[in-house]
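Q: If you scroll down you'll find the structure; I have some questions about it.
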C-alpha cells in the first residue's frame, strides 16, 4: 500500500521512525548479528589455522550474509512504510521471499568488490595507463551499481517483480531519485567517518574491536539498512509501488466484475433486454448498452445448446 499522500519525509521523520521503532530494529539487528558472528568466528579460526586469509575469502561475507540482509531490509521497509512491524516474523518473511534475489545480487556485488580490490592493488604497483583506465571503468561501474542497489534493495522487498525488472526500474530511478540517492551516500559516508574517527581516538586494537562489536550488535547493520531503505522508499513508492498498486486494484476489480457478470442468468438479464439496443441500462454497478445485455443472453443460450 502506498503512503506517498499521507507521509511527509524529513530528517525529523527519519529519526522519529528510527527511535520509536528502535526496539524492533534492535531485535532484527540481533537476528542479523547471529549469522554474522558465526561467519566472523569461522574466519578467525581459518585465519589461525592457515596463518592468514586473502581478501577474496573475507569478501565472501557478502554472499554468505545476503539472505539475512533480505530479512533486515524487510523490517526496515515496514518501519519506513509506517506499518505495524513484527520484527521476528517480518525478518524471516523477508528471508523466505527474497533470499534468491539477494543471493544473485550479492554475487554481482562480490565480483565488483573483488574486481575493485584487484585494480587498486595493480594500480599501486604499476604506473601503466591501461591499469588506470581499467580502474576508472571499474570505479564508475561500481558507483552505478551502488546507485542501482539503493532502489533495488527496497524494491525487491516491496513489490513482486522479476530480477531483471527490478534492476531495469532501479536504473531508471537513479535519475528520478537522484537527490535521495545523494542523501544516502552522504549519510553512509558520515557513518564511515564516525567509525574512522573512533579508530583514530581509540588507539588500541582490542578496545577498538570491542567498541565496534558493541555498535554492530546494538545498531550498526540496522541503521545502515534503515538509511538506505528510508531514502529510496519514497522514490520507489511514488514511481513503482503506487502505480503497481493501482494497476493491481484495477485488474482485481475487472476480474470481480467479470465474475459477477458470469453469475447472472438469462432470467436475470431478460428484464434489462427489453427496449432500444442503443440505450444504456444499469448492470452490476455500471452502465452498459442494452445490446451488451442482448449479447450476454445470446452467449448463455448458445452455451446451453
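The values are calculated or read from the model by the stated rules, or taken from the named source; none is laboratory data. These numbers were taken from a predicted model, which means no experiment stands behind them. So basically every Cβ, Gly included, is an ideal-geometry build from the backbone, and we count neighbours across all protein chains shown.
Q: Just wondering, is there one or more residues in segment 234-247 that are over 30 Å from residue 159 (Cα atoms) and at pLDDT below 75?
A: Checking segment 234-247: not a single residue is over 30 Å from residue 159 (Cα atoms) and at pLDDT below 75.
Q: Search segment 1-24 for residues being outside any helix (DSSP H, G or I) and over 15 Å from residue 77 (Cα atoms), and hand back the single one that is modelled with the highest pLDDT.
A: Across segment 1-24, the extreme among qualifying residues is 10.
Q: Which of the residues that make up segment 25-53 are over 30 Å from residue 77 (Cα atoms) and either surrounded by 11 or more Cβ atoms within 10 Å (Cβ to Cβ) or in contact with a helix residue (DSSP H, G or I) (Cβ under 7 Å, 6 or more places away or on another chain) (or both)?
A: 42, 43, 44, 46, 47, 53
Q: To continue, here is another question. Could you list all residues from segment 142-170 that are without any contact (Cβ under 8 Å) to a residue 40 or more places away in the chain, more than 17 Å from residue 233 (Cβ to Cβ) and touching a helix residue (DSSP H, G or I) at 6+ places or on another chain (Cβ under 7 Å)?
A: The answer is 142, 145, 167.
Q: Every residue in segment 51-66 that is over 22 Å from the mean Cα position of the chain (by Cα) and over 21 Å from residue 118 (Cβ atoms), please.
A: 51
Q: Select, from 61, 36, the only residue that is modelled with pLDDT of 90 or more and within 15 Å of residue 223 (Cβ to Cβ).
A: 36
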